[in-house]
Amino acid sequence: MEVIVIWTESAIAELQNIHDYFAEKAGGSVANKITDTIVDRSLMLEQAPRAGQVEELLKHCIVEVRYLVEGNYKIVYMIDKHLVVILTVFDCRQNPSKLKKKRI
């Protein structure tokens, strides 16, 4: 079974925000390394889409939402047949209730 990983616009925007923050605070190469690592981690879902744990904070959603951890970030995703959809990238240093309030 071939699985394709796609990113929602809001997930791409979150990734860009992470990049922009670290580019300003630590420089472009650090920002690139952090965001590249997040993207690379998400690509493992092509081989093992159920590798992540179920996201307990989003059990209220109609679809099953899972996540992978990369550094300080949760890569939050759902599986739809042969698609893995990255919904958001959440900084785990934030209040977890913020994740509950995200539109997913």
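Below, the figures for the structure above:
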item: Listed residues A26, Y67, P49: farthest to the positive end of the dipole of the chain (Cβ charges); result: Y67
item: In degrees, nearest ten, helix 9-25 long axis to first principal axis of the chain (Cα); result: 20 degrees
item: Calculated on alpha-carbon atoms, Rg and Dmax of the chain in Å; result: 13.5, 42
item: Total charge dipole magnitude, segment 4-101, about the Cα centre, Cβ charges on Lys, Arg, Asp, Glu only, Debye to nearest 20; result: 320 debye
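Only the coordinates and a few stated rules stand behind these numbers; no lab work does. All values reported here derive from a predicted model rather than from experimental measurement. Methodologically, a virtual Cβ is constructed for each residue, glycine included, from the backbone with ideal geometry; neighbour enumeration extends over all protein chains shown.
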